[in-house]
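Participant: I am attaching a structure below and will ask some questions about it afterwards.
The values are calculated or read from the model by the stated rules, or taken from the named source; none is laboratory data. Keep in mind the model is a prediction, meaning the values are calculated, not measured. Positions of Cβ are backbone-derived with ideal geometry, glycine not excepted, and every protein chain shown enters the neighbour counts.
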Amino acid sequence: MEIDHVAVVVKDLEATLRFYTHELGFKEIFREVVYDQGVETVGLAAGGSFVELLLPLDEDSAIARYRGEAAAKLHHTAYRVGDIEAKLAELRTAGVRLIDQHPRKGAHGSLIAFLHPKATGGVLIEICQPAKP
């Protein structure tokens, strides 16, 4: 598997985006609201992967509570797979605890599923199948 993206939940999307694009030199490649996930997301090109900035749409949401009072906080790492259904079946067979038993729609037309942090040593991991071009 390859890294698809690293997601950072932010308090101020525009300020964080300015830092990543102006000071760090990243290029914005997409921006969208993913209502099912309760976030506005901006993707920044990072080689063959990207950095995903996540702004909670509701400050009472779980993702906003996770960020707390921090300006930004690492949320998850996503690994790219070619067949998410097959990977989830493989993980279930191996006894890995999953948050998502079946894929759901993610940003940029991808299919995603999360592994439970208790199965990964405390790290939130997303399995991601990018949309077909």
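Participant: Return the total of residues in the stretch 64-89 being more than 19 Å from Gly106 (Cα to Cα), among the hydrophobic types (A, V, I, L, M, F, W, C) and touching a residue at least 60 places away in the same chain (Cβ under 8 Å).
Facilitator: The qualifying residues number 2.
Participant: May I ask you to list the residues in the stretch 35-50 that are crowded, with 17+ Cβ neighbours inside 10 Å and either out of contact with any strand residue (DSSP E or B) (no Cβ under 9 Å at 6 or more places or on another chain) or of a type in the set (Asp, Glu) (or both)?
Facilitator: Within the stretch 35-50, Glu40 is the sole residue that qualifies.
Participant: Residue by residue through the stretch 56-72, note down the ones that are charged (D, E, K, R) and either surrounded by 15 or more Cβ atoms within 10 Å (Cβ to Cβ) or in a helix (DSSP H, G or I) (or both).
Facilitator: Correct list: Arg65, Arg67.
Participant: Those residues that are over 10 Å from Ala45 (Cβ atoms), without any contact (Cβ under 8 Å) to a residue 60 or more places away in the chain and part of a strand (DSSP E or B), I need them from the stretch 19-35; list them, please.
Facilitator: Arg31, Val33
Participant: Same structure again: Would you check if Gly122 is under 20 Å from Val9 (Cβ atoms) and surrounded by 13 or more Cβ atoms within 10 Å (Cβ to Cβ)?
Facilitator: Considered against the rule, which asks whether it is under 20 Å from Val9 (Cβ atoms) and surrounded by 13 or more Cβ atoms within 10 Å (Cβ to Cβ), Gly122 comes out as no.
Participant: If I filter the stretch 112-133 down to residues being more than 13 Å from Gln101 (Cα to Cα) and small (Gly, Ala, Ser), which single residue comes out as modelled with the lowest pLDDT?
Facilitator: If we take residues in the stretch 112-133 being more than 13 Å from Gln101 (Cα to Cα) and small (Gly, Ala, Ser), then Ala131 is modelled with the lowest pLDDT.
Participant: Another one. What about Leu53, is it surrounded by 15 or more Cβ atoms within 10 Å (Cβ to Cβ), in contact with a helix residue (DSSP H, G or I) (Cβ under 9 Å, 6 or more places away or on another chain) and under 20 Å from Tyr20 (Cα atoms)?
Facilitator: yes
Participant: To continue, here is another question. How many residues are surrounded by fewer than 14 Cβ atoms within 10 Å (Cβ to Cβ) and either of a type in the set (Phe, Trp, Tyr) or over 13 Å from the mean Cα position of the chain (by Cα) (or both) if we restrict to the stretch 100-118?
Facilitator: 4
Participant: Out of curiosity, is Ala15 surrounded by 18 or more Cβ atoms within 10 Å (Cβ to Cβ) and either touching a strand residue (DSSP E or B) at 6+ places or on another chain (Cβ under 6 Å) or at pLDDT 95 or above (or both)?
Facilitator: Answer is no for this residue.
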